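Remarks on the structure that follows.
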Amino acid sequence: MEHSIVCSNDELLDVLIDYSKKIYGDTKCIGIDELKDPKAKAKRLWEILNPEEEVSALQNQEDISKLLEAIRDKLSDKAARVYTERLIKQEILHKIEENEKEYLNQIKLQIIKKHCDVENPSTLKKYAELEKKKSISLTKQISDILRPQREDEIIGQSQGVKALLSKIASPFPQHVIIYGPPGVGKTSAARIALKAAKEKAYSPFRKDAPFVEVDGTTLRWDPREAVNPLLGSVHDPIYQGARKDLSDIGVPEPKPGLVTEAHGGILFIDEIGELDLMLQNKLLKVLEDKKVSFDSSYYDESSDEIPKYIHTLFREGAPADFILIGATTRRPEEINPALRSRCAEVFFNPLSPKDIEDILDNGAHKLDISIDDDAKELISRHTYDARKAVNVLLDCYSSHLYEKPDKRVIIDYDRAKKVLGSLVRDDYTARMGSEIGKVYGAGVSGYVGSIIEFEALAYKRDDEMGSVRFNETAGSMIRDSLFNALAVLKHNMGINPDRYDIHVNCIGGGKVDGPSAGLAITCLLYSAIMEKSLPKDCCITGEISIAGNIKAVGGVREKTNAAIRAGFKHMIIPYENKKDVVGIQGINIVEAGNIREVMEFLTK
């Protein structure tokens, strides 16, 4: 429809010019009213509305109509936009008025927080209470007094300590795993090794090299990797423990772990065999790279709001160049092979009763007290590690002070026996003499040895249809040892066990899971069949071959210590195990290579 039907082009042009002034203002439309030609006015108005577009010269009435139509559409769009913006502004002003009080209160709190101290009477009172509590101490830990401070104070581990020192106090220190029972000085030896290394001119350890200690049983792998005290973790902005000033601007914060704290020193992980397997694998990566890498989806490398130290941790990682010393009560075969391959191995021995007596002497000297020899001997027979022995010594010390506070502390046999309580077994007078059909073997569980008592009866038959019975609870290995022993008697000693009904019993129903009872069972059958009495003060361990040879077994040192504590005077071991008992005192050790040597000793 043409504009002439409603209004003329001149009238429409005037309306559009007036509306443009209302939207854009009079300033922008200056000069348009001075133009007389409608075409010129329309072109000028189009230029105001579309400054970047050119309009060709219009030649006829039809062209002006099209231009006015385009101008009207342009002004309609602009009017709609202006109307919408005004509605939004009105809504914003309305919201501001509604929340004005809340906004003002927040601003006031921010200003007050900025200009006020973080402390207040309540927080200062709690701080004073903490400081007061810190000044109160009930006791000094006995471990602080009796903990070994020098190499020679670690009793019973001279070879192990020297091996550890040679690996740590070196120009090229090695990662180490220390194997041994609890309470034999593994942690103290690690501390002393670092102290000795600092004193060497060629050692890479500085004087301020740290010693960081952690218990492997307390470290667990977090699949989310939100918390990792060993290796470190990243606190993302959504993490509950993230710093508020960083989380507010969306910055993740890396938290270095113990491996970084130990940088340049020793990281000692007690019970490393109990460490989570995933943590062990990640620890191996740190040992190789000598650093810990961090990663987060919130990290923006180009951001200027991230502090330099966070940039450095994400780009370069946290330094973690340390020497690992792990301690474990497990056997080597139970440790992760990948970890073992990167570490030297040092072995600490179980403490013998003589070692325990020396530890008690040292403890008594540091406490400035006296302890009788028979009290030391009693305690050493019933304790297996230094920690337990020292605790018994302290109990005796405290008991004496409570009963006789004005007299010098002297620990005698009766006091030691009273403190040990139910640990004290019967006297060992029963070990004297000899008996038919009874021998004593030895077993080991972990690093603790024990005595196994075997007994047998043999009933002679008129034929050669004899049978053998034994308690099945002892396990399949005892059966194998029993059959080997029967073959040895028949083949090597000229005794026909088929002419006897034999009953073998493992007293206590103990399960024998190795071949080390073979020699003891052979001696037992010989005694029962030949009615030869065997000494009761002799303990026997060793595997027997069907040729009558005695083969090496494991845990001989632990078994020998158990025999000493049980009051035996003699310990028969395989000749091949003689290196395992070097330095043990308090028992006569008989090294035998075949069954005839053993029988000669037992029946002499």
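The values are calculated or read from the model by the stated rules, or taken from the named source; none is laboratory data. It should be emphasised that the depicted structure is a prediction, and the values quoted were computed from it without experimental measurement. Glycine also receives a Cβ, built like all others from the backbone with ideal geometry; neighbour counts cover every protein chain displayed. SASA here: full protein model, heavy atoms, side chains in, ligands and nucleic acids out. Shrake-Rupley method; radii C 1.70, N 1.55, O 1.52, S 1.80 Å.
Of all alpha-carbon pairs in the chain, indicate the percentage at a distance above 49 angstrom. Please list the in-between numbers first.
Working: 84906 of 182106 pairs.
For the chain, the fraction of Cα-Cα distances above 49 Å is 47 percent.
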Quick one: helix 518-530 against the long Cα principal axis of the chain, what's the angle to the nearest 10°, folded into 0 to 90?
30
Over 27 Å (Cα to Cα) among K108/K134; K354/K418; K366/K418 -> K108/K134
Per the helix-only model, the chain has a calculated mean residue ellipticity at 222 nm (DSSP H runs of ≥4, -39500 (n - 2.57) each, divided over all residues, rounded to the nearest 500) of -13500 deg cm²/dmol
Please report the carbon-and-sulfur percent of the accessible area for the chain; probe 1.4 Å, protein heavy atoms only, DNA, RNA and ligands left out.
50
Can you give me the accessible area per residue for region 414-554, using a 1.4 Å probe, in Å²?
49
So what are the radius of gyration and Dmax for the Cα set of region 311-398, in Å?
20.8, 67
Quote the accessible area belonging to S445 in square angstrom, nearest 10, computed with a 1.4 Å probe and with ligands, DNA and RNA left uncounted.
90
Under 5 Å between amide H atoms, partner at least 5 residues away or on a different chain: which partners does N228 have, H built in plane at 1.01 Å?
S233
What is the P(r) of region 273-420, as percent of Cα-Cα pairs per 5 Å bin from 0?
2, 8, 14, 12, 8, 7, 8, 8, 8, 7, 7, 5, 4, 2, 1, 0
Aspartates and glutamates within cross-link reach of K207: Cα-Cα under 13 Å, excluding same-chain residues under 8 positions apart?
E199
All lysines inside 24 Å of K78 as judged from Cα atoms, apart from same-chain residues fewer than 8 positions distant:
K21, K22, K28, K39, K41, K43, K66, K89
Counting each pair of different Cα atoms once, what's the Kirkwood radius of region 351-455 in Å, rounded to one decimal?
15.3
Rounded to whole Å and sorted largest first, list the principal axis extents of the Cα atoms in region 157-347.
58, 37, 24
Calculated log₁₀ intensity ratio I(q)/I(0) where the Debye formula runs over C-alpha points of region 521-596, q = 0.16, 0.19, 0.26 Å⁻¹
-0.58, -0.80, -1.27
Compute the length gained on full extension between Y402 and T218: take 0.36 nm times their separation in residues and subtract their Cα-Cα distance, giving the result in nm to one decimal.
62.5 nm
Report the full-extension gain for the segment K291 to L124: residue separation times 0.36 nm, less the Cα-Cα distance, to one decimal in nm.
56.1 nm
Looking only at aspartates and glutamates whose Cα falls under 19 Å of K551's and that sit 8 or more positions away or on another chain, we get D480, D513, E543, E576, D580, E591, E597, E600
Extension gain, I507 back to T84 (0.36 nm per residue minus Cα-Cα distance, nm):
142.4 nm
Pair-distance profile P(r), taking every C-alpha pair of region 430-602, with 5 angstrom steps and integer %:
1, 9, 19, 24, 22, 15, 6, 2, 1, 0, 0
Show me, for region 34-40, the HN-Hα J-couplings you get by feeding each phi into the Karplus relation (A = 6.51, B = -1.76, C = 1.60, θ = phi - 60°), rounded to Hz, glycine and proline as x.
6, 6, 9, 6, x, 4, 5
Give me the one-decimal nm value for the distance between modelled label points at F347 and S370, 7 Å along each residue's Cα-to-Cβ direction.
4.2
Modelling each spin label as a point 7 Å along the Cα-to-Cβ direction, I'd like the E34/T312 distance in nm, to one decimal.
6.8
In nm, to one decimal, how far is the E334 label point from the R431 one, both placed 7 Å along Cα→Cβ?
2.8
What does the charge count around A209 come to, taking other residues whose C-beta lies under 13 Å from its C-beta (Lys +1, Arg +1, Asp -1, Glu -1)?
+2
